[in-house]
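The values are calculated or read from the model by the stated rules, or taken from the named source; none is laboratory data. All values derive from a computational prediction rather than experimental measurement. Positions of Cβ are backbone-derived with ideal geometry, glycine not excepted, and every protein chain shown enters the neighbour counts. Quick note on the areas: whole protein, heavy atoms, side chains included, nothing else; ligands and nucleic acids left out. Shrake-Rupley method; radii C 1.70, N 1.55, O 1.52, S 1.80 Å.
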Amino acid sequence: MSPHVLVLGGTTEARELAASLAARPGVRVTTSLAGRVSRPGALDGDVRVGGFGGAEGLAEWLRAEHVDAVVDATHPFATGITENAARAAAATGVPAVVLRRPGWTPVPGDRWHPAASLAEAAALLPPLGRRVFLTTGRLGLAAFAREPELHYLVRSVEPPEPPMPRHTEVLLARGPFTVESETALLRDHRIDVLVTKDSGGSATSAKLTAARELGLPVVVVHRPPLPEGVRAEPDVASVLARLGFGAGREAG
């Protein structure tokens, strides 16, 4: 029977992995999307949309679809699906791999303020500035509503979900972004401080360079830890090696 790989994703790396697996003769790949983005990018192989019904539902799906390996290539802050995937893999004995792009690291000139959560990030803001560029996604904005005197520019791919801070302007946009455009945005909106999650990657890292060049402080929300016993791979090549698909190797 042909090997069947389930990719949990929607990230750039998930698309790259699906394309690499689908190009290998005899390999079936299914990419599962949460359905939170209305217009996801094109994907190779099979695609399913929607949740599984927790770890138990995912375990049932793995058995029913005869899945041979699971790759969690979701966003680094998608803790729920990562925990469910780990539990389902343990329950079924299906090998599981986590694909996580490396996080960002500060360089000389950066004025980073680490935070362990959105609530902690919000608490750091008042002394740093009144006009905030908030790039933490469309969920969890209620954490920033406790400081009614601050003004927020919120950027997300999809419209954010309420409740939101009182003074909020929404900017719908999808990366990648350039340093030039990010610098112009920060200047045009008179931004005092940037708030971001440590998503890693280059698509949205230009804002960090722009903030550094303008001397702005950046509140960086750290990634949550992986479930116990789970190890992440940094790129598609490393995942393929873990799955037994080395560079140039065909499965059949």
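Which condition number does VAL47 fail, the rest of (1) modelled with pLDDT of 95 or more; (2) open to solvent by 70 Å² or more (accessible area, probe 1.4 Å); (3) over 21 Å from GLY201 (Cα atoms) being met?
Of the numbered conditions (1) modelled with pLDDT of 95 or more; (2) open to solvent by 70 Å² or more (accessible area, probe 1.4 Å); (3) over 21 Å from GLY201 (Cα atoms), the odd one out for VAL47 is (1).
Does VAL195 satisfy the criteria of being under 22 Å from PRO106 (Cβ atoms), in contact with a His (Cβ under 8 Å, 6 or more places away or on another chain) and surrounded by 19 or more Cβ atoms within 10 Å (Cβ to Cβ)?
So VAL195 does not fit the description; no.
What residue, among those in region 15-34 that are under 17 Å from the mean Cα position of the chain (by Cα) and open to solvent by 50 Å² or more (accessible area, probe 1.4 Å), is nearest to VAL239 (Cα to Cα)?
GLU16
In region 69-110, which residues are over 16 Å from the mean Cα position of the chain (by Cα) and assigned to a loop (DSSP other than H, G, I, E, B)?
Of everything in region 69-110, those that are over 16 Å from the mean Cα position of the chain (by Cα) and assigned to a loop (DSSP other than H, G, I, E, B) turn out to be GLY93, VAL94, PRO95, THR105, PRO106, VAL107, PRO108, GLY109, ASP110.
Mind listing just one residue for me: the one in region 91-122 that is touching a helix residue (DSSP H, G or I) at 6+ places or on another chain (Cβ under 9 Å) and small (Gly, Ala, Ser) and, of those, farthest from VAL71 (Cα to Cα)?
Residue satisfying both the conditions and the ranking: GLY109.
Among the residues of region 170-212, count how many are closer than 30 Å to LEU99 by Cα, in a strand (DSSP E or B) and aliphatic (A, V, I, L, M).
4
Looking at region 1-12 only, could you name the residues that are open to solvent by 10 Å² or more (accessible area, probe 1.4 Å) and out of contact with any Gly (no Cβ under 8 Å at 6 or more places or on another chain)?
MET1, GLY9, GLY10, THR11
All but one of (1) open to solvent by 30 Å² or more (accessible area, probe 1.4 Å); (2) within 27 Å of ASP235 (Cα to Cα) hold for SER181, so report the exception by its number.
(2)
Search region 150-172 for residues being of a type in the set (D, E, K, R) and open to solvent by 40 Å² or more (accessible area, probe 1.4 Å), and hand back the single one that is nearest to LEU216 (Cα to Cα).
GLU169
Within region 230-244, track down each residue that is part of a helix (DSSP H, G or I) and either modelled with pLDDT of 95 or more or closer than 16 Å to ALA19 by Cα (or both).
If the condition is that a residue be part of a helix (DSSP H, G or I) and either modelled with pLDDT of 95 or more or closer than 16 Å to ALA19 by Cα (or both), then VAL236, ALA237, SER238, VAL239, LEU240, ALA241, LEU243 are the ones that fit.
Is there a residue in region 129-149 that is surrounded by 14 or more Cβ atoms within 10 Å (Cβ to Cβ), free of Cβ contacts under 8 Å to residues at least 40 places away in the same chain and part of a strand (DSSP E or B)?
Within region 129-149, none of the residues are surrounded by 14 or more Cβ atoms within 10 Å (Cβ to Cβ), free of Cβ contacts under 8 Å to residues at least 40 places away in the same chain and part of a strand (DSSP E or B).
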